[in-house]
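So the structure is just underneath, and the comments pick up after that.
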Amino acid sequence: MTTTTEKVIAKAPPKPVLQLGDRIFAGSAKGAGILILVVLAGVAAFLIAQAMPAIVASPADLPGGKTLVAYIAPLVFGTILAALIALLIATPLAVAVALFITHYAPRRLAQGLGYLIDLLAAVPSIVYGLWGVAVLAPATLGLSTWLNTYLGWLPFFAGPVSVTGRTMLVVGVTLAVMILPIITAVAREVFLQTPKLHEEAALALGATRWEMIRMAVLPFGRSGIISGAMLGLGRALGETMAVAIILSASGAVTFNLISSDNPSTIAGNIALQFPDSTGLAVNTLIASGLVLFVITLLVNALARYIINRRREFSGAN
Amino acid sequence: MKTVRHGARARIAAVGIAASGALLIAGCGASNESAPAGDAGGSAAPSVSGTIAGAGASSQQAAQEAWIATFTGQNADANITYDPSGSGAGRTQFLGGGVAFAGSDAYLKPEEVTQANTRCKSDVVEVPAYVSPIAIIYNIAGVSNLQLAPATIAQIFDRKITKWNDPAIAADNPGVTLPDLAITPVNRSDKSGTTQNFADYLKTAAGTSWPYDVSDSWPVQGGEAAQGTSGVVGAVKAGNGAIGYADESQARDLGQAKVKVGSEYVGPTPEAAAAVLEASPRVEGQGPSVFAYKLARDTSASGTYPVVLVSYLLACSKYPDAPTADLVKAYLNYVVSSDGQSVAADKAGAAPLSDSLRSQITPAINAIAAGS
Amino acid sequence: MSIDTERQQSGAEVTAPPVPSLVRAELPTWAPWAVLGGSFVVIGALLAATGGFSIGMLVVASAVVYAVATYVLSRVVEGGRKAADRLVTIVVTLAFLIALAPLVSVVVTVVGNGLARFDVEFFNSSMRGVIGAGGGGYHAIVGTLIITALAAVMSIPVGLLTAVYLVEYGKGRLARAITFFVDVMTGIPSIVAGLFAFALFALFFGPGVRLGFAGSVALSVLMIPVVVRATEEMLKIVPNELREAAFALGTPKWRTIMKVVIPTSIAGIASGVTLAIARVIGETAPLLIVAGLTTGLNFNPFEGRMATLPVFAYTSYAAPGVPREPYLDRAWTAALVLIIIVLVLNLVARLIARLFAPKTR
């Protein structure tokens, strides 16, 4: 196939070409983009149509007898809290792991190691849920007690310590593990694409490896890191099964990360409440889904803004 | 040039491998699904055939699996599926005409009965199918024989009693040394019929000690919450000092408290659970074929265990086509038969329906027929 | 100059011979290892003395001490820049080891629990007519493969083409809108995607619809944005020089994209697509809603319910019969099989990447 390309390249007339193929290709690419918009419009229309009854209903008819805002607000808090913990843990770790694979590990091993990290993404979320409950939660009991004893003056570790370990902290860590490979994969590919000339120039000027990374690799990869982190955040915000299985969700609004009294997340709450809900309760859950939709929208708008601002500084063209 | 050729060949090979893999999968059936030769079932009843789908309560999942397996073993041409999508989803699907039968942990409300009658264009059939004792499970190192009065249980789960050596608990357990250990009540974090039945028990039996309304979501904030029966059992197992409620059959390796009924303490046995249904009045005015029971949670009859979950099966008394009607009739008859109930008791820990109850409900099932 | 004075000051203390000014003192190659061993011994002794000995504490504390000690030693002997370099090396390596810890733990847990039923019967029987022990997940394996393959067939072309449009053609409002809404799409909770697919199919087939294909549609909604984002990122970092070189030779744009841009980034795209498949293949919630569950084999995604591995594992875990063990064993084995399937997919993706990528270096 490469040979035909060579032939085409060699035989191509030196005038600007606008072939039929070009038009078809451009058209289908555009069509695919529009199709996505249509699908999304469908999802949004469905969400809004289904959420409407809950929005217009009187508070007394809603689950818990509270207003819709009062029902969703703690869930929003929990969703953002869990996702932020995950992002705070995963992003630095993922950048470091990507650097290790691309610039520190021995060449021969590098690909295999990257593959190992990708394996983390291969584990289905329900398995993370089971693992979080069976392994991670009991393992954090000692740590939680320690945090409570020595850092109990921080609101995050105020306690009382959960006896089962099924806490917001464990959910955050589990989500971090789940999004780590996503951020790593993007960061790794971007780091690998750093212009070799930039790296070699830095080294030739006597920079240490770290200085070379700081001056050539990281600025080049910044938009990739942010983009990867946002991909990860998207998954952390919408993660359903693992949160539902692990978290001891009792609806409190608290920064306390180690007690058994935790806010639920939007997605987790939908999974927990949906199967046995009927009528207006379903509409309320879908309204909360709509809110999650909007949150992601805002987060992504922010990320895009950051990336676009940074673009001029990056080495990409 | 050479490398290019090699690459092309390898690509073709890769595609070939992928294609042959797909063929391999499509090529063979499951070893346990070989087509039956002739009438495999030895049952005297005429064999039924066709496909029906059911959906609903996940509490019935294990029992439904067992029923379907035995029933389709006897009627090889019948195909039945059961989706454990939840009671609410099951009722919604049934009312919307999506499934032929549904499982529900709560009986239909009057307005739902009306909807169901409209959907069926005939009377809806509602029969108890799966009765399961809800055990109050606990995990306290060194304590293996806990007894609790209803009011004490209510206060423990309401977080009014917070230590295991509380005098109220000690009063129920003379001679038992209770540790100075914090109580961690574990409740379901998802909506469930188990929660509803347990809360109903607390409301009825404990009176003022349980100031909450009965619903399928847990009313008390701040306790340990876990998803599903497996989640609650896991949480109680993991936490020293934890107490929770779960299907008895799923928590046999944990301590199960005896509950005070009248003047005696009764453990969660299938017989004691079935006895409660026996002592409960039928909900009147719902329709001729609706067998819903207002459970006598506050009974003081000897040998009854009032913390039970009763899960119902919903069906129509008229189906548009005869094969579906026959299949539904045969399947429901099998479910409530002594055979079906003993299979559920064996494989899902259910409490078998009594003979007298069965004789009341079978006429309604036998009335299922084609027509509109 | 400042280096010289510093060197002379430190040299004066140990009265070492003057070093050539352009070469800095270096730690011998065995020094980091010695420090590592030293930290282990010191921390081990300390922990043993205080009575709080545990493997976890030993590893964590030793790692911290090792990092600090190396930094200090290197700073004294080699100066600040080298010390920072060494510190970062240690931190980055540690980060990698930390990232591996959960992987090892998950794999040990799943393999340990899943091997019990990892037998021939699991792969050649379904659950039809099986109560209690025995049976297998063949029907679920088939369902997962068919549903995911259909989802991939729908998502990958759409995702790839959209990414190409965004990077190569997209200018103006439409491209900005697509970029933005693809981002939004990544945030659709899986269960909402399931509800959407269900509502869509219920419009056409009535409220009782349960189809494998509906599951594929739900998974596509989740998968497309991941494919777009990953591919877009990879296409963006293809140097413009390559495109310009192709244009300069008179190659039409679409051939440039097909023959230059995509092959250059195929490794990244393949890895992104694999990640996208891995993301959806383990989805439970949407499939529970739209694909349902059956105990028997179903090869036709357009007719009737289809069991899938995650749903099979989930329901086996969530609603086991009596006794529990056979159900839980099957759940773990289903999880193990799921992981293995993704592993194989990963390998295939890498193979594709290697076969199709141009030799650049």
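Odds and ends about this structure:
- Computed [θ] at 222 nm, deg cm²/dmol, chain B (DSSP H ≥ 4; -39,500 (n - 2.57); rounded to nearest 500): -12000 deg cm²/dmol
- A simple rule links phi to the HN-Hα coupling: the Karplus curve 6.51 cos²θ - 1.76 cosθ + 1.60 with θ = phi - 60°, which for segment A:140-149 gives 8, 4, x, 4, 4, 4, 4, 4, 5, 5 Hz, with x for Gly and Pro.
- For C:192-202, mean number of other protein chain Cβ atoms within 10 Å: 5
- Kirkwood hydrodynamic radius over Cα pairs of the protein assembly as shown, then Stokes diffusion coefficient at 25 °C and 0.890 mPa s, in µm²/s: 79
- Note on C:ALA34 and A:TRP153: their simple-model spin labels are 4.2 nm apart, each label 7 Å out from Cα toward Cβ.
- Helical segments meeting 15 Å axial Cα length and Kyte-Doolittle 0.5 threshold in chain C (DSSP H): C:31-50, C:55-78, C:80-114, C:138-164, C:172-186, C:190-205, C:212-236, C:262-281, C:325-356
- Label-point separation, B:THR162 to C:VAL42 (7 Å along Cα→Cβ), nm: 4.5
- Listed residue (A:ALA26, B:PRO219, C:ALA69) projecting farthest to the positive dipole end of the protein assembly as shown, Cβ model: A:ALA26
- Computed [θ] at 222 nm, deg cm²/dmol, chain C (DSSP H ≥ 4; -39,500 (n - 2.57); rounded to nearest 500): -24500 deg cm²/dmol
- Histogram of C-alpha separations across segment C:186-308, 10 Å bin width, %: 13, 32, 22, 18, 12, 3, 0
- Flagged links, alpha-carbon separation over 23 Å, of B:LYS294/B:LYS318; A:LYS30/C:LYS253; C:LYS236/C:LYS259; B:LYS109/B:LYS160: B:LYS294/B:LYS318; B:LYS109/B:LYS160
- Projected label distance in nm at B:ASP346 and C:PHE247, using a 7 Å step from Cα toward the beta-carbon: 7.6
- Order of exposure, largest accessible area first, which applies to C:ILE98, C:ILE90 with probe 1.4 Å: C:ILE98, C:ILE90
- Stretched out straight at 0.36 nm per residue, the stretch from A:MET215 to A:TYR305 would grow longer than its current Cα-Cα span by 30.1 nm.
- On Cα atoms only, tilt of B:338-348 relative to the major axis of chain B in degrees: 80
- Translational diffusion coefficient (Stokes-Einstein; Kirkwood radius from C-alpha pairs) of segment A:157-301 at 10 °C, 1.306 mPa s, in µm²/s: 88
- Antiparallel bridge percentage (DSSP; both residues within the protein assembly as shown; nearest 5): 55
- Nearest-0.05 FRET efficiency for B:ALA170 and A:VAL135, computed from C-beta distance (R0 45 Å): 0.75
- In chain A, the longest principal axis of the Cα atoms and the axis of helix A:2-11 are about 50 degrees apart.
- Theoretical FRET efficiency, 1/(1+(r/R0)^6), r = Cβ-Cβ of A:LEU37 and B:ALA322, R0 45 Å, to 0.05: 0.40
- Computed accessible area, B:LYS260, all protein chains, 1.4 angstrom probe, square angstrom: 70
- Computed with a 1.4 Å probe on the full set of protein chains, the accessible area for C:GLU26 sits at about 120 Å².
- Zone of B:SER300's modelled label, taken as backbone nitrogen in segment B:250-265 under 19 Å from a point 7 Å along Cα→Cβ: B:259-265
- For chain B, the share of DSSP beta bridges that are antiparallel, to the nearest 5, is 60%.
- Chain A: calculated mean residue ellipticity at 222 nm from DSSP helix runs of at least 4, using -39500 (n - 2.57): -23000 deg cm²/dmol
- Considering segment A:57-309 at the alpha-carbon level, its Rg and Dmax are found to be 20.7, 72 Å.
- Multiplying each eigenvalue of the alpha-carbon gyration tensor of segment A:170-225 by 5 and taking the square root yields semi-axes of 29, 12, 7 Å, largest first, rounded to whole angstroms.
- Amide H contacts of B:VAL125: B:ALA315, B:CYS316, B:SER317, each under 5 Å away and 5 or more positions distant or on a separate chain (H built 1.01 Å from N in the peptide plane; Pro and chain starts excluded).
- Per-pair calculated FRET efficiency, R0 = 41 Å: C:PHE302 and A:GLN111 via Cβ, rounded to 0.05: 0.55
- Kirkwood radius for segment C:122-356, taken over all pairs of different Cα atoms as the inverse mean of 1/r, rounds to 19.2 Å.
- Oblate is the label for chain B, because a/c, from the alpha-carbon gyration tensor with a ≥ b ≥ c as root eigenvalues, is 1.5 or above and a/b does not exceed b/c.
- Ranked order, B:SER217, B:SER311 - accessible area, probe 1.4 Å, largest first: B:SER217, B:SER311
- The figure for B:GLU65 is an accessible area of roughly 40 square angstrom, using a 1.4 Å probe on the protein chains alone.
- Folded to 0 to 90 degrees: helix A:280-311 orientation relative to chain A principal axis, Cα: 40
- In terms of accessible area, using a 1.4 Å probe and ignoring ligands and nucleic acids, C:GLU244, B:GLU126 rank largest first as C:GLU244, B:GLU126.
- Fully extending the segment from A:LEU20 to A:GLU200 would add 60.5 nm, taking 0.36 nm per residue of separation and subtracting the current Cα-Cα distance.
- Normalised per residue, the accessible area of the protein assembly as shown is 40 Å², obtained with a 1.4 Å probe and no contribution from ligands, DNA or RNA.
- Along principal axes, Cα extents of segment C:25-116, largest first, whole Å: 58, 31, 17
The values are calculated or read from the model by the stated rules, or taken from the named source; none is laboratory data. Since this is a predicted model, take the numbers as computed values, not measurements. As a convention, Cβ positions derive from the backbone with ideal geometry for all residues, glycine included, and neighbour counts pool all protein chains shown. The accessibility values were calculated without ligands, DNA or RNA, using every heavy atom of the protein model including side chains. Shrake-Rupley method; radii C 1.70, N 1.55, O 1.52, S 1.80 Å.
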